[in-house]
Amino acid sequence: MSRLLALLALLLPMTPALACPGLVIGEAWIREPPPGARGTAAYFTLRNEGSTPLVLDGWSSPAFAHVMLHETVLTGDRAEMRHRSQLSLPAGGREALTPGGLHLMLMQATGPIAAGAAVTLQFNCNGQAAQLSAPVLEEAPSSR
Amino acid sequence: MQASPKASSATALLVLVGFVAVSAGLIFAATRGSKAPDIPGLLWPDPPVLANFSLQGSAGKPIDQHTLEGRWTLLFFGFTNCPDVCPTTLAVLKQTVARLADYPPFRAQGQVLFISLDPARDTPAQLAQYVQHFDTRFLAATGDDAALDAVTVPLGVIRAKVEDGSGGYSIDHTSSIFLIDPKLRVIGKFGLPHSAAMLDEGFRAITAFRGAQ
C-alpha cells in the first residue's frame, strides 16, 4: 500500500512550488535510507516557465537537521562532492537533480524515514519561502 | 607446361610450412593474450593481482583473500554516510545480481563485496545491515588504515576525507566497480555512470573471455 501511494505521488502532474511563480517541479523523490545510514538524497527536476530569472537557495527540511545542495563530480574515476550555494534558473531554464549528479544531500534525519512517507523540502526562491513535497521510495523510479 | 614432381612437392612443403607458421602464430597470440579483445571494462593483458589482505566482516568473520579465491567478485568501495553515489551503485548492483541469476558462472561463483572506507563510523555489524538492505547475500567489510591500504593500493583506489560544512565529513573516493577473478586478478573495472545492463554484459563477456584462456 505504501509503495502504491508513493507511486501515485510520482504520477501526479508537475506541481508549481508555493510562492515561486513560474517554477515547476517534477519527478521528486527521496531514496529510503538503508539501515545504519544517517543520510540520503533528494532528486527532482526544475523548470522555470516564468519570464524572470529565479535563484533558489537556503535548502532545509523538518525531517533532516542538515540539508545542502551538492553535486557529485567525477575526477578520473574518483567521485567528489562539491557544495553548490545556489541554483540559478534563467527564464525557460531547466535543471535536473539525478543520482550520481546534482542532488540535495539530506543528513541527520530527525526521525525514521521509510518508503511510502513524504518529506517536505523548504527553500528560498528569489528570497521568498517556498517548499515542495517528495515521496520516499525504495528504488529510483526509472528502475521500476 | 607441367610442373615436375620435385617442384610440386617443394611447393606443398612451402604451403605446409606457411600453414604451420600462421597457426603457431595464432595459437601464440591467443594463449598469450597479446591482443586484448574489445570488451568494455576488461583489464587485459597483465591485470593487477590482489595481494593478501585482512578486513573485518560482519559477525566477527574476517574477509580476506580466501573469501575471494575461487569466486567472481564485484567489488565496490564507499561508506554508509554517502548520500548519493554509494546507495545508487548498490541499487544498480542489486539489479545486476538479479539479471545474472540465471548465468551459471555467477550463480555458482558470483558475489558482491562492499568495502567501507570509513572505519571510524562504520562498524562491521552496521555495514552488514546496510548492504543487506539491498541484497541479503551482499558481503561487507572494513578495517583500519593499514588493512584498507592492502586492498586499495593495488587497485589504485583513492580515498580522501573532506569536511561537509556541518562539522561532519564526507569521503571522496574511487567510484568504479572492480571485477576480481577466481585467481584474485583484477580483471575488470567499470566506471560511473553504472547501469545493470552494462555490468551484466561486462560480467558475461569478461567471464566468457577468461574461460577461454
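For (1) at the interface with chain B (Cβ under 9 Å from one of its Cβ atoms); (2) assigned to a loop (DSSP other than H, G, I, E, B); (3) within 20 Å of B:SER170 (Cβ to Cβ), each residue gets a yes or a no:
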site: A:PRO33; (1), (2), (3): yes, yes, yes
site: A:VAL73; (1), (2), (3): no, no, yes
site: A:ALA79; (1), (2), (3): yes, no, yes
site: A:ARG82; (1), (2), (3): no, no, yes
site: A:GLY100; (1), (2), (3): yes, yes, yes
site: A:LEU106; (1), (2), (3): yes, no, yes
site: A:ALA134; (1), (2), (3): no, no, no
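For region A:35-71, taking the residues that are more than 20 Å from B:HIS194 (Cβ to Cβ), hydroxyl-bearing (Ser, Thr, Tyr) and part of a strand (DSSP E or B), the one that is farthest from the other protein chains (Cβ to nearest Cβ) is identified as A:THR45.
Within the bounds of region A:63-85, is there any residue that is of a type in the set (Gly, Ala, Ser), closer than 18 Å to A:ALA28 by Cβ and in contact (Cβ under 8 Å) with a residue 12 or more places away in the chain? Yes, region A:63-85 contains at least one residue that is of a type in the set (Gly, Ala, Ser), closer than 18 Å to A:ALA28 by Cβ and in contact (Cβ under 8 Å) with a residue 12 or more places away in the chain.
The lone criterion from (1) more than 18 Å from B:ALA150 (Cβ to Cβ); (2) away from chain A (no Cβ under 12 Å); (3) out of contact with any strand residue (DSSP E or B) (no Cβ under 7 Å at 6 or more places or on another chain) left unmet by B:TRP72 is number (3). Restricting attention to region B:169-191, the residues being buried (at least 20 other Cβ atoms within 10 Å of the Cβ), part of a loop (DSSP other than H, G, I, E, B) and facing chain A (nearest Cβ under 7 Å) number 2. Being modelled with pLDDT of 95 or more and surrounded by 23 or more Cβ atoms within 10 Å (Cβ to Cβ), is that true of even one residue in region B:145-154? The answer is yes; a qualifying residue exists.
The single condition from (1) out of contact with any Ser or Thr (no Cβ under 9 Å at 6 or more places or on another chain); (2) in a loop (DSSP other than H, G, I, E, B) that B:HIS194 fails is (1).
Residues in region B:120-168 that are aliphatic (A, V, I, L, M), without any contact (Cβ under 8 Å) to a residue 40 or more places away in the chain and more than 11 Å from every other protein chain (Cβ to nearest Cβ) were compared, and the one that is nearest to A:GLY36 (Cα to Cα) is B:ALA120. Taking first residues from region B:81-103 that are facing chain A (nearest Cβ under 7 Å) and partners that are among the aromatic types (Phe, Trp, Tyr), the Cβ contacts under 7 Å between residues at least 6 apart in sequence or on separate chains come to B:ALA91/B:PHE134.
Exactly one residue out of B:ASP118, B:ASP122, B:ASP102, B:ASP46 is in a loop (DSSP other than H, G, I, E, B), of a type outside the set (Gly, Ala, Ser) and within 28 Å of A:SER142 (Cβ to Cβ), and it is B:ASP102. Among the residues of region A:106-144, just one is in contact with a His (Cβ under 9 Å, 6 or more places away or on another chain) and modelled with pLDDT of 95 or more, namely A:LEU106.
Which of the residues spanning region B:67-88 are assigned to a strand (DSSP E or B) and either under 13 Å from the mean Cα position of the chain (by Cα) or not assigned by TED's automatic domain parsing to the domain that holds B:SER195 (or both)?
Step one: filter region B:67-88 for residues assigned to a strand (DSSP E or B), giving B:72-78.
Selection gives B:TRP72, B:THR73, B:LEU74, B:LEU75, B:PHE76, B:PHE77.
Within region A:28-46, the set of residues being at pLDDT 95 or above and more than 17 Å from A:MET105 (Cβ to Cβ) comprises A:THR45 only. Filtering region B:106-118 to residues that are in contact (Cβ under 8 Å) with a residue 60 or more places away in the chain and surrounded by fewer than 17 Cβ atoms within 10 Å (Cβ to Cβ) leaves only B:GLN109.
Residue count for region B:69-95 under the criterion of being farther than 28 Å from A:THR40 by Cα and out of contact with any Phe, Trp or Tyr (no Cβ under 9 Å at 6 or more places or on another chain): the result is 3.
The values are calculated or read from the model by the stated rules, or taken from the named source; none is laboratory data. As the structure is a prediction and not an experimental result, all values here were calculated from the model. Cβ: placed from backbone, ideal geometry, glycine included. Neighbour counts: every protein chain shown.
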